[in-house]
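Q: Please find one structure pasted underneath; my questions will follow.
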Amino acid sequence: MVSVSKPSLSPHLRRLEAEAIGILRETLASFRNPVLLYSIGKDSSVVLHLALKAFAPGRLPFPCLHIATGWDFRDMLEFRKRRVAELKLDLIVHTNPEGLARGINPIDHGSQVHMHVMATEALKQALDAHGFDAAIGGARRDEEKARAKERVFSHRSAGHIWDPRNQRPELWGLFNTRIDKGEGMRVFPLSNWTEFDVWDYIAAEEIPLVPLYYAALRPVLRRDGMLIMRDDDRMPLKPDEQAEQLWVRFRTMGDWPLTAAHESRAQTVDDVIHELRSSCLSERAGRLIDQDQDASMERKKREGYF
Amino acid sequence: MSNQRIEEGRGLLRFLTCGSVDDGKSTLIGRLLHDSRLIAEDTLETLARDSRRHGTVGEEVDLALLVDGLEAERQQGITIDVAYRYFATQRRSFIVADTPGHEQYTRNMATGASNSDLAVILVDARKGIVTQTRRHATICSLLGIKHLVLAVNKIDLIEFDEAQFAKIVEDWNKFSADLHFSETQPIPVSARFGDNVTTSSARTPWYSGPTLAEYLESVDVDYGLRDKPFRFQVQWVNRPNLDFRGFSGTVASGQIALGDSLVVANSGRQSQVTRILGPDGDQPTASAGEAVTICLADELDLARGDMLVPPAARAEVADQLAVNLLWMDEEPLLPGRKYLARFGHAWVPVSVTSIKYRLDINTQQQTPTKKLALNEIAFCNLEISGRVAFDPYTENRATGAFIMVDRYTNRTAGAGMVSFALRRATHIHAEGFLVDKAARAALLNQQPQVIWFTGLSGSGKSSIAKLVEAALHRDGRLTYSLDGDNLRLGLNRDLGFTDQDRVENIRRVGEVAKLFLDAGAIVLCSFISPFRAERRMVREMMAPGEFIEIFVETPVEECIRRDPKGLYQKALDGKIPNFTGISSPYEEPEAAELVVSTAGRTPQESAAAVLDYLRLRLGG
């Protein structure tokens, strides 16, 4: 049966879609053992959606990997379970066992230690344990200044080191995918997408997302000017502190004690797009971890954070 | 942020900005983002904080800090890499490649240009067209950019002087007449104060042209990809089960419809399109830029790297090309050395056989050269092991470009653009003889072999090789020895000891060894052969298993002590330049078939070790 491309997809989005599909196919064709980093957020949901298209009519030819820190929103885990069943995904879930044994958590140890041990180190462990040589992620260049220079195929030397001075120039989309033993590549099919592109695409393709992206009445605490949703009772309440029921939504997904909500009534994709277009805050403003220190993203990247 | 969706029509514009260090590139992009109201509030707060710490404009908010990215660069105050910025107006979305103006980073500019349709070249109004302007324009032209904006910046610093602006434009026109731009729009701007960036300046009443933003929103940069012949490079063969076999890739140019005939460029085999799968399933047609999977009526031998083309408008196929090459690696390009090249999705071994000339990008002059250093551009002959399908770069950027990769470091070492095929070699076919290598080997009752001894001068290579040859001869085997002395006195007497000459020396040795091998002999070669790449080059001339590398390992201190020819003494006295181990490097083998340590061993003992190994290999 012959169908025509969805009329809702603009030429601009169609071009981004084609580029991302090309990058995904390139990864499969060039690497021995690729993996899709599935963080359950909107960006990796878009990457997953694109990957299903890229390899059709075949199935997804590589596994998905979720680095679970133990502090994911319950809604995220629920959503993950649903999507794995619907799409029959081959999903690997990894949590840093040493971090778990040492009881590393964002409340007692702060966001930096927690993220380093439970996200960065955990990711390296999982990549090493399975011998993955290419890890596909949903990061975009427009997210943050340090990412503006990131490559589509970002080379990591042995030990997952990202050396900003030793990245390969990328000309004409002729990617240099060659690596030595022990080295790896991080691959970013959404490099050229903006946050608006992602949302426009989610709307046009009707991609399901974790409900937290949409506004609902949720119990939140006000802390340091941030709205934190207390997803379980591991976060102690301060004296006289009480959760209020507010209409809020989240702009990014992450560990719940580290991810701030904002007040919103945007309950649908179109509402969210409308809200974004009139918003004045950048996407990462809701991430507590990025405000810890200057140029923090770049430092984390060098250490191997996505 | 604008509430309106981007209008259909103009689509995405990818452009790059180029200028010298202080021309104000970053400030200009910052100004574009700022005046398009695209800077989020928290970003502006960070900016204000950063301006106080790193800024260069006193109390003002330094817009350049919006786009300068990495920590180290910010501290040095220069952009050292290509950064991509994204913004959209109501009429168009943009991707800006921000590329450095610093002298040594030509490669970054080329990278940005390879991914752009238009370039904004910045000129300081006080300085006019300078060497760097010529450099940037040359690179843009070479990389095939047709549309330019000449942004004459800091117009405020020349008191908005019309005459001076006109003079700069005139200089530009004179200079750029030989370059292949189809359209240049000169605009007087002040990035710092915003004149003619997004709003027309009252201070340049004599200028009636578009602002920079207006121009970028409206310029038509259609390179006509859809109207060019159909080109499809097979990226991946999609065969999920026995019932489906499709060829996935992105249409490089042209269009295709169900039922159309296609041929494989390399083999000429033909078939018809039976299905086209796009991102949403079956579709009747596909055109440039679409990522699709094509199914064909016949089972053709078709793999990743092949190109599908229409029978009536085929791509060229060749094994020798004339190319423009930009070198991007710290280690210079040496003719004869093997690299890997990527044409489309095909990876092939290549070497530059000769450098016709180096292009001085400041003066556009052509000068002879024997090697190509970082950031240099040359016109070269490229030899390919195998054949590739291509179009000249000026006709098709997607099928006329390639990258070169260093085989040891995997660094992207060069970026190339094909000019034309060299026909000479394609008509010389290897002569087939009735008596071949196998027949001669059978007559001699032996397995032809190249045994390659490598090591420092004085390590004992030749002594060991002589003893080994004598023993093999006693065993009844036909042998022949090649060494530096017997070849350099004759065949190679025109060669010296520079890196280029060493490469050529070894190449010739390899060819001679190959002829003796073909004659059925066991060839013993003793050469310092200090570079891994050259040893690998010779290895690849032979069939697998025919080349045995033996590393004669002797510490340089021991070689100096032995110094049988007195050469080390001369080298240490500075009388011999480029002496391996002293003033020229020796790269030890990483995977030699055999390593013989001579320390504490007589040559006889070392030879015996080699013979043990060889008798095992050669049998009998």
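Q: For the protein assembly as shown, give me the percentage of DSSP beta bridges that are antiparallel, rounded to the nearest 5 percent.
A: Working: 96 of 152 bridges.
Once the DSSP bridges in the protein assembly as shown are tallied, antiparallel ones form about 65 percent.
Q: Apply the Karplus parameterisation 6.51 cos²θ - 1.76 cosθ + 1.60, with θ equal to phi minus 60°, to every residue of the range A:125-134 and state each ³J(HN,Hα) to the nearest whole Hz, in sequence, with x for glycine and proline.
A: Computed from phi, the couplings for the range A:125-134 are 4, 5, 5, 5, 4, 9, x, 5, 9, 9 Hz.
Q: Next question, about the same structure. So if I restrict to the alpha-carbon atoms in the range A:211-289, what is the Rg, and what is Dmax, the biggest pairwise distance, in Å?
A: Cα-based Rg and Dmax for the range A:211-289 come out at 12.6, 40 Å.
Q: What angle do you read, to the nearest 10 degrees and between 0 and 90, between the alpha-carbon axis of helix B:532-541 and the longest principal axis of chain B?
A: It works out to around 70 degrees.
Q: Which residues' amide hydrogens lie under 5 Å from the amide hydrogen of B:F247, considering only partners 5 or more residues apart or on another chain, with H built in the peptide plane?
A: B:N238, B:I294, B:C295
Q: Could you put B:Y357, B:Y586, B:Y86 in order, starting from the residue whose Cβ has the fewest other Cβ atoms within 10 Å?
A: Numbers: B:Y357 14, B:Y586 17, B:Y86 21.
Ascending number of Cβ neighbours within 10 Å: B:Y357, B:Y586, B:Y86.
Q: Amide H to amide H, which residues 5 or more places from A:L65 or on other chains are under 5 Å from it, using H placed in the peptide plane?
A: Sorted by chain and number, the residues that satisfy this are A:L36, A:L37, A:Y38, A:I92.
Q: Given the options A:V84, A:V272, A:V210, which has the most mean-square fluctuation in a GNM of chain A, springs set between C-alpha atoms less than 10 angstrom apart?
A: Fluctuation is largest for A:V84.
Q: With +1 assigned to the C-beta of every Lys and Arg and -1 to the C-beta of every Asp and Glu, and no other charges, what is the dipole magnitude of chain A about the Cα centre in debye, to the nearest 20?
A: 760
Q: What's the exposure ranking of B:W347, B:W452, going from fewest to most Cβ atoms within 10 Å?
A: Values: B:W347 18, B:W452 30.
The order, fewest Cβ neighbours first, is B:W347, B:W452.
Q: Let me ask something else. How would B:T479, B:T106, B:T454 line up from fewest to most surrounding beta-carbon atoms within 10 angstrom? Could the numbers behind the result be given before it?
A: On the way: B:T479 20, B:T106 23, B:T454 26.
By the 10 Å Cβ count, ascending, the order reads B:T479, B:T106, B:T454.
Q: If I model a spin label at B:S287 and B:L616 as a point 7 Å from the Cα along the Cα→Cβ vector, what separation in nanometres do I get?
A: Label-label distance for B:S287 and B:L616, simple model: 6.5 nm.
Q: How far is the Cα center of the range B:380-414 from the Cα center of the range B:169-194, in Å?
A: 31
Q: Can you tell me what percent of all Cα-Cα pairs in the range A:178-234 are more than 16 Å apart?
A: On the way: 1105 of 1596 pairs.
Cα-Cα pairs in the range A:178-234 separated by more than 16 Å: 69 percent.
Q: Turning to a different aspect of this structure: State the answer as a single residue: which of A:A216, A:F175, A:H116 lies farthest towards the positive end of the charge dipole of chain A, with beta carbon charges of +1 for Lys and Arg and -1 for Asp and Glu, about the Cα centre.
A: A:F175
Q: Order these peptides, B:308-320, B:383-395, by their mean beta-carbon neighbour count within 10 angstrom, highest first. Working shown, then result.
A: Numbers: B:308-320: 17.5, B:383-395: 19.2.
Answer by packing, highest mean first, reads B:383-395, B:308-320.
Q: Give me the Kirkwood hydrodynamic radius of the range B:496-612, using the inverse of the mean 1/r over all pairs of distinct Cα atoms, in Å to one decimal.
A: On the way: mean 1/r = 0.0635 Å⁻¹.
Radius from the Kirkwood sum: 15.7 Å.
Q: In whole Å, what is the distance between the alpha-carbon centres of the range A:55-114 and the range A:120-151?
A: Each part reduced to its Cα centre gives a spacing of 15 Å.
Q: For the range B:225-309, compute Rh as the Kirkwood radius over C-alpha pairs and then the Stokes-Einstein diffusion coefficient at 4 °C and 1.567 mPa s; write the answer in µm²/s, rounded to an integer. Please report the intermediate quantities before stating the final value.
A: Working: Rh = 12.5 Å.
Estimated via Stokes-Einstein, D reaches 104 µm²/s.
Q: First obtain the Kirkwood hydrodynamic radius of the protein assembly as shown from its Cα pairs, then insert it into the Stokes-Einstein equation at 25 °C and 0.890 mPa s, and state the resulting D in µm² per second as a whole number.
A: Details: Rh = 31.0 Å.
After rounding, the answer is 79 µm²/s.
Q: Residue-wise, which Karplus ³J(HN,Hα) couplings in Hz belong to the range B:498-515, taking 6.51 cos²θ - 1.76 cosθ + 1.60, θ = phi - 60°, and x for glycine or proline?
A: With coefficients 6.51, -1.76 and 1.60, one gets 6, 4, 5, 5, 4, 4, 5, 3, 5, 4, 5, 4, x, 5, 5, 4, 5, 5 Hz.
Q: Diagonalise the Cα gyration tensor of chain A and give the resulting equivalent ellipsoid semi-axes, square root of 5 times each eigenvalue, largest first, whole Å.
A: 30, 25, 18
Q: Work out the mean other chain Cβ neighbour count within 10 Å for the residues of A:141-150 and drop it here as an integer. It would help to have the intermediate numbers written out before the result.
A: Details: counts 5, 5, 0, 2, 13, 4, 3, 12, 11, 3.
Partner-chain Cβ atoms within 10 Å, mean over residues of A:141-150: 6.
Q: Debye calculation, C-alpha points only, no solvent: report log10 I(q)/I(0) for chain B at q = 0.07, 0.08 Å⁻¹, in the same order as the q values.
A: Here log10 of I(q) over I(0) equals -0.61, -0.76.
Q: Cut-off under 27 Å on the C-alpha distance; same-chain residues fewer than 8 positions from A:K181 excluded. Which lysines are left, in chain and number order?
A: Output for A:K181: A:K124, A:K149, A:K300, A:K301, B:K338.
Q: Residues with amide H under 5 Å of A:A266's amide H, sequence separation 5 or more or different chain, H placed in the peptide plane at 1.01 Å from N; which?
A: A:A215
Q: Need one value for B:282-292: mean number of C-beta atoms belonging to other chains within 10 Å of its residues' C-beta atoms. Before the final figure, lay out the partial values.
A: Working: counts 4, 4, 3, 2, 0, 0, 0, 6, 7, 14, 2.
Mean inter-chain Cβ contacts per residue within 10 Å come to 4.
Q: Another question, if that's okay. Apply the Karplus curve 6.51 cos²θ - 1.76 cosθ + 1.60, θ = phi - 60°, to the phi angles in the range B:229-244 and return the couplings in whole Hz, x for Gly and Pro.
A: x, 5, 9, 9, 8, 5, 8, 7, 8, 9, 9, x, 7, 5, 8, 10
Q: Please report the orientation-averaged projected area of the range B:316-426, defined via the convex hull of its C-alpha atoms, in nm². Walk me through the intermediate numbers first.
A: Numbers: hull surface 26.1 nm².
Hull-based average projected area comes out at 6.5 nm².
Q: Shielding of B:338-350 by partners, i.e. mean partner chain Cβ atoms within 10 Å per residue? Walk me through the numbers before you get to the answer.
A: Values: counts 0, 0, 2, 1, 7, 1, 3, 6, 0, 4, 0, 0, 0.
The shielding value for this peptide is 2.
Q: For the range B:367-505, what's the relative contact order in percent, using C-alpha pairs closer than 8 Å and at least 6 residues apart?
A: After rounding, I find 12 percent.
Q: Under a cut-off of 29 Å between alpha-carbon atoms, report the lysines in cross-link reach of B:K174, not counting same-chain residues fewer than 8 places apart.
A: By straight Cα distance, B:K174 reaches B:K25, B:K127, B:K146, B:K154, B:K356.
Q: What does the helix-only formula give at 222 nm for the protein assembly as shown: each DSSP H stretch with n ≥ 4 adding -39500 (n - 2.57), the total divided by the residues, and the result rounded to the nearest 500 deg cm²/dmol?
A: Details: 25 runs with 263 residues, N = 926.
Value at 222 nm, helices only: -8500 deg cm²/dmol.
Only the coordinates and a few stated rules stand behind these numbers; no lab work does. Owing to the predicted nature of the structure, the values given are computational and were not obtained by experimental measurement. As a convention, Cβ positions derive from the backbone with ideal geometry for all residues, glycine included, and neighbour counts pool all protein chains shown.
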